Every structure is written in C-alpha cells, then in structure tokens.
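Structure, as structure tokens:
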Amino acid sequence: MINNKKTTAKRFLVIATPPTPNGDLHVGHLSGPYLGADIYCRYLAMCGTEHYYISGVDDHQSYVSLKAEQLGWSPAQVADYFGDAMETTLEAAEIQLDIYARPRKSMYHIPVVQQFFKRLYSEGKLVVKETLSLFCRVCNRHLFEAYVSGKCPHCEHPSGGNACEDCGRPNDCADLIDPVCKSCGSVPYKVPLKRLYFPLSEYEQQLRQYHKSLKMAPHVRALCEQMLAERLPDIAVTHVTDWGIPVPATGFENQRLYVWFEMAPGYLAATCELNAKLQTPPDWTSYWKSKDAAIVQFFGFDNSYFFAVLFPALFLAGDPKIQLPQTFVTNEFYRLNGLKFSTSRSHAIWGQELLRQASSDAVRFYLAHTGPEREQCNFTLQDFYQTVQCELIEGWEAWLQGLGQKVSRGCNARVPLAWQLEEDHENFAGALRSLISQAEAAYQPETFSPQQATRTCCELVRLARRFGKSEDHWSFVRGRHVRWKTSVALELLAAKVLMMLAAPLVPSFAVKGWRALGYETPLSGARWNEILEPLPVGQALSGLVTLSFDLLGKNVQMSQAAV
Ligand SMILES: [Zn+2]
Ligand SMILES: [Zn+2]
C-alpha cells in the first residue's frame, strides 16, 4: 500500500493537539493541525487504510479560567461554551474527527490521568521541590502560565508562564524577566512553594534515541538538539490553583495537575473513548502498545517542546512499553496584518466568520495553499478572494466547464474511446503520472505539504487545459477525429485524477465533480491505486458543464469585504 512504504503499521492514530477553549477557533488554528490532520486522514481513506482522527479541547488550561474572570463566567461555562463553538467550526470546515475529546465530559479522562499520575508518584518519578513561585499580593494568588507575562529567560521575547511561544522553550515562571500579573498588572513577589516536579534530565539518553528515529521538521529538531545540548530542566507538574484536575497526593490538596502533564495521559483516555465508540474494550493499549498501529501527531511549532520532549519523557517514565509517535507534522504561525493570530488578544479572523462568507472548499483550499508550513505567513482577506477567483473560478471551474461543453458538442456528452496513443498523448499521460507522484509525496506525513498538494492540482488544471486546447485543432482535420477523441478521453482522465488528488483538500467539490464525470459509485469508494484507470467508455457525463464551487453569492460579499 502506498502510504505504508515507510512503516509496517496497518492502523493509524492521527492526533491534532487540542485547542484551548478560551475563544472560538480562528483561521490560524484551522490552517494548522486541524486541517492538516483532516487532509491526511482523507488521503489515508483513499488508500483504504484504517485510521482514526482524535482531537478535542483542552478544558483545564489556565487561559480558560483567566477568560472566565474577564467574562464574569465560571471556568466550566467558558470551557463548555467555547468547546461547543469549536466543534461547530470544525464541522463547518468539514474537518471530520472520530473523537472530539472533552476532558470535562469524558468518563475516562480524569481516572486515566490520575492513575497515570499515581503510578509516576508512587514509583518516585516525581520529586517534591521547594522553589520560588511568583505571587501577586493584589490578586492574592500564585502566578503561572496564563496569569503571568514577562520576557523569556532564553530568547528575551515576550512570553507567558511555563513556555515561550517564540523559541518554544519552557520556563519556571520565577525565571521570567520582568514578570507582571496578567490580571492586575502588578509586579509579583517571589515566595517559596513546594510543588511536584518531573526531572526531564533523567530521560535525556532515551530522548536522544527517540529523536533519532522520529520524523520531524528541522525547526523542531533544532529545538530538541538545543535543549538536549544544555541540561534539561525539572518541570513543575502541579500548580496552586482551583481549576484543573486535583492532585491525588497528600500534602498537595490546594494544587492541581499542570494541564500539559494532563494532556499526555489525556491522549490515552481519548483512545479509550475511541475504542468504546468502536464497541471494542475501552483499552488504550490497543494502539499505544500495538506493533501494527502507528501514531502521527500534528501540532504548531509553539507546542514543540511538549510533544517532542515532555510527553515522550512522561510516557517513558509511566510505561516504557508505550510506543511514541513515529512522525510529527508541524506548522508555523499564521499572521494577520503582520501580527500573530491570538485568541487571548482577539487578534484574529474567526473560522466561523470566514466560513459564513465563503464555502468550506474555498476556505480549505486557501488555507492549504498559503498555510505557514515552514515559515510564518501573512493572511489577508483580499489575497484570499483573489486566489479563489484566480485559481478555482478562472482555473478549475473554467477548464472543467469547457471540457463538459466540448464533450457535449463533440461526443454526445459521453466518454469517448481512447484509440492508439500518439507521442503527445504519451507525454501528457507521463505528466499526469508525475503529478500523481508529487501529490502522493505531499500527502505522506514525512513530506506532508498541503501547499504542494494544491499547487500540484493547479498545475494539473493548467497542463490539462493547455493539452486540450492544443489537441482541439485535430477536430477540424478530416480523418483525424479519432486522435481528437483520444485526446478528449485523456482530458477526462485528467479531470478524474483531479477529483481524486483534490478530494482531501476540497471534499465537497470533489464529490460533485466525481458525479459530474458520470460515476454512480461514490468517490469515497475510489482507491488511490486505481487513480489512472480510464473512465468507462460511453459513461454519460452529468452536469460537468455547470460544475462550480458555488461561490457566486458568497463572492459578492467576499469581494466587498476585501476592498
Ligand atoms: Zn494581580
Ligand atoms: Zn523564548
């Protein structure tokens, strides 16, 4: 099977990092792990490979309780309200999850997380340490994560508590430069506090081994190498707060588990939920300890340290037989008017806002086409509109509708027979094969690139249109009609190939296009290894002349918004 060239796995668990429910999903979120993992899963489906897509919400983040204070709500109300909103946004973008894990609503989450903690604690893998904690006397609380901002001790860029989004490295809050309380703006005091810490440095050798086998982007690998070149820090896994999962250990009753500690076993809990949904025993080991399963993890670069260092070390400490993800697929930041998208600063174009203005296909195409894969990119509504107009309407739609008209006029709206291929036909077929290989590479997790996938589709459209226009001259030549019909059959094959290549990117359009080419069996039943099988001769086209992305009504609003 094509996708299994580099692994023996038969089943794939595809995980996208759960977003924080302190606001709805913005375009920056959508363009990253969520759309990426959905595209990958849709490709796996076409390969006939068993796969499951897990994500959810990160209910117990301190950003949720901070938002609750700002809104005058309870943290639970915030988590539930935005958890619902995010689910609606994912559905509107046709991002199809198998499990949308919600820690507050799962019957597995808290027991699995607490059991994982107890195992580490009882085996002495967590240590009690008295360290300095930031304390705000105005707000009367210890500051960590969302409650504090300052400058990162590693890169000196503005950073929140516990991790820096810029350089991706952890901090211990008390080591932030010029820290201030996010609620009241006061300068906090440093007070001694006993917490439980996880000593990362004890797993250094195992992490080095793991990173050697792991497939990940150079930016993440560079961060790992940089962190491992220095001594790995101890990470506080409990904090004084009343929002989160209680620490099941005597002496820490006023503390809660650090939400990023919670997330690692949280994935095991979500796997139990998946198995329960599949009506199999709710046992996470069926994926996390099974040799025939592989785990592919999607996340943004700012979360790299958690996925590449903290979680693997926690899993190694908790149970060395747990298999770690084999591949990381990461993205960089999307910027809006030059600044990073941010939920907490409300600097964003919200997913639902954009999906009201444009179809899910248009949004998915644009985000895949321009998403920040290896470098930060800037999103503008004007470029969105122009790209959709230029590539999808004047490119894909125009070619396919023209092809439909040609087949209606010259072939009675049916697929003609391809006779002997001449050199130009062979060259075009070769170009199609090469484009399929490029798309295939773009959909492999090791070389994953939605940008490459959209560009391959656009190049196919350009080449097919060029080929069709060139070949149309034969339709006027006496005795050469057979050559022309052969060319039309090949152009229709290119249209079929486009629907399959584009199905992970623009699923609704691909389904419509498949039907327009006359197929009565669903596109979901089409398999990647049959992609070059010609359309059945005589198959009646059904609406190719009017096939469209249905953007017209929405376009008017989009163009107005863009100017
Ligand atoms: Zn304060
Ligand atoms: Zn930093």
Excluding residues fewer than 8 positions from LYS496 in its own chain, the aspartates and glutamates with Cα under 16 Å of it are GLU397, GLU440, GLU459, GLU520, GLU530, GLU533
Using only the alpha carbons, work out the radius of gyration and Dmax of segment 382-546 in angstrom.
-> 15.5, 52
Taking LYS118 as the anchor, which aspartates and glutamates have their alpha carbon closer than 16 Å to its alpha carbon, excluding any fewer than eight residues away along the same chain?
-> GLU253, GLU262, ASP319
Low-density loop trypsin sites (Lys or Arg not before Pro), segment 126-192, at most 15 other Cβ within 10 Å, DSSP non-H/G/I/E/B, are ARG137
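Take the alpha-carbon positions of the chain, form their convex hull, and give its projected area averaged over all directions (one quarter of the hull surface) in nm².
27.0
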Are there cysteines in the chain with no second cysteine's Cβ under 4.7 Å away, and if so, which?
-> CYS41, CYS47, CYS173, CYS184, CYS224, CYS272, CYS377, CYS390, CYS411, CYS457, CYS458
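Which GluC sites (Glu not before Pro) from segment 323-427 combine a DSSP loop assignment with at most 11 other Cβ atoms within 10 Å? Display every interim value, and only then the final one.
Values: sites: GLU332, GLU353, GLU373, GLU375, GLU391, GLU394, GLU397, GLU422, GLU423, GLU426; in loops: GLU332, GLU373, GLU375, GLU422.
Passing sites in segment 323-427 are GLU375.
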Over the chain, calculate the relative contact order: mean separation of alpha carbon pairs under 8 Å at least 6 apart, over the residue count, as a percent.
-> 17
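Using DSSP to define loop residues, name the GluC sites (Glu not before Pro) in segment 459-528 whose beta-carbon has at most 12 other beta-carbon atoms within 10 Å. Write out the running numbers ahead of the final one.
On the way: sites: GLU459, GLU471, GLU491, GLU520; in loops: GLU520.
Hits after loop and neighbour filter: GLU520.
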Among LYS151/LYS182; LYS105/LYS289; LYS125/LYS215; LYS67/LYS182; LYS10/LYS212, the pairs whose Cα-Cα distance exceeds 18 Å are LYS105/LYS289; LYS125/LYS215; LYS10/LYS212
Antiparallel content of DSSP bridges confined to the chain, in %, to 5 | 55
Rounded to the nearest 0.05, FRET efficiency between ILE177 and ARG374 (Cβ-Cβ, R0 22 Å) equals 0.15
FRET efficiency estimate (nearest 0.05) - Cβ-Cβ, ALA276 to TYR189, R0 51 angstrom | 0.60
Please give, to one decimal in nm, the separation of the simple spin-label points placed at SER437 and GLU423, each 7 Å out from Cα toward the Cβ.
-> 2.2
Expressed in nm², what is the orientationally averaged projection area of the convex hull enclosing the Cα positions of segment 459-529?
-> 5.4
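Since every read-out is calculated from the coordinates, none of them should be taken as a lab result. Please read these numbers as outputs of a predicted model, since none were measured by experiment. All Cβ positions, even for glycine, are placed from backbone atoms using ideal geometry, and neighbour counts span all protein chains on display.
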